[in-house]
Amino acid sequence: MSFIKEILGIAETTDTIQTKRGNIVTMSEESSSAKAIDYITDGGDYITFQQYAQEIKQEIIDLDYINQEMVFCALIKFGIIEKRSTNSYIPPTDVYEKMKKKDGAVTLDYYRKKSNASGTTFGFDLDSINRLNNTHKINIVTLLQTLEDELDTAMEEAKDFGEYLKQKHRESDRGGKPSVHMEVRALFDVTKKRLIRKHLEC
C-alpha cells in the first residue's frame, strides 16, 4: 500500500466480497487505513472501535435505521468487544486482562492499546484488520442488513396503518384533518425494539 495514498486517504480498495443479500463488502486493510492516520501508537497503527463501527455502517445498503449503538451490539454479539459502561467498550475480558496494565501486551489478537498520560484506550490493530474482517465482517454486515431491511418493512407497515386510521377518520364524518403521526411512530417503535432484541439481543 502506498504511504502517500494512505496519507491522502485515497488508497484503492480491491478486496471485496458479495453477501447473499447483495452487499459488496470491502475486506481489505486499505478501507481502514485512512481512518487510522491519527492513531499511530507504540510502533503501529490503531483504528478505534467507533471508527470501525462507522466503516461497518457504510457497508449497509439504503442505510436509514442502523446506528452506531446497533453496530456495537452486533460486535458484542459476535464476541468482538464488551461494553464496560455507557459509550465505553473494551476487548473481550480475557484479552483485556492481558493488555490493561502498563506492562501488558500492546497488541493481542485483533486488538491494540494506546497508552498516554490520560490513560489507556483500546482499538483494533490495523495490521490485523484483514484477519478481523475475514473472520467476522461478512456476518456482521449480513446481520445488520437483515435488521435494516426488516426495520424498513416495519416502517412501511406502520405507515399503512396510519393510512388506515386516516381512512377510518374520513369515514366517520368527524371532520378536520386527522393526525396519525404519533400512532405510526409508536407502532414502529414497538416493532423496532422487538426486532433489535431478536437480532442483536440488546
Where in the range 48-113 are there helices (runs of 4 or more DSSP H), lying fully within it, with 2 or more residues that are free of Cβ contacts under 8 Å to residues at least 24 places away in the same chain, of a type in the set (S, T, N, Q) and within 23 Å of Arg131 (Cβ to Cβ)? 49-57
Out of the range 34-93, which residues are at pLDDT 90 or above and among the small types (Gly, Ala, Ser)? Ala53, Ala74, Gly79
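One line per residue, one yes/no per condition, for (1) out of contact with any strand residue (DSSP E or B) (no Cβ under 8 Å at 6 or more places or on another chain); (2) among the polar types (S, T, N, Q):
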position: Leu108; (1), (2): yes, no
position: Phe124; (1), (2): no, no
position: Asn134; (1), (2): yes, yes
position: Asp160; (1), (2): yes, no
position: Tyr164; (1), (2): yes, no
position: Gln167; (1), (2): yes, yes
From Lys113, Lys101, residue being among the charged types (D, E, K, R), buried (at least 17 other Cβ atoms within 10 Å of the Cβ), at pLDDT below 95 and assigned by TED's automatic domain parsing to the domain that holds Lys20: Lys113
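The values are calculated or read from the model by the stated rules, or taken from the named source; none is laboratory data. Owing to the predicted nature of the structure, the values given are computational and were not obtained by experimental measurement. Every residue, glycine as well, gets a Cβ built from its backbone with ideal geometry; the counts of neighbours run over all protein chains shown.
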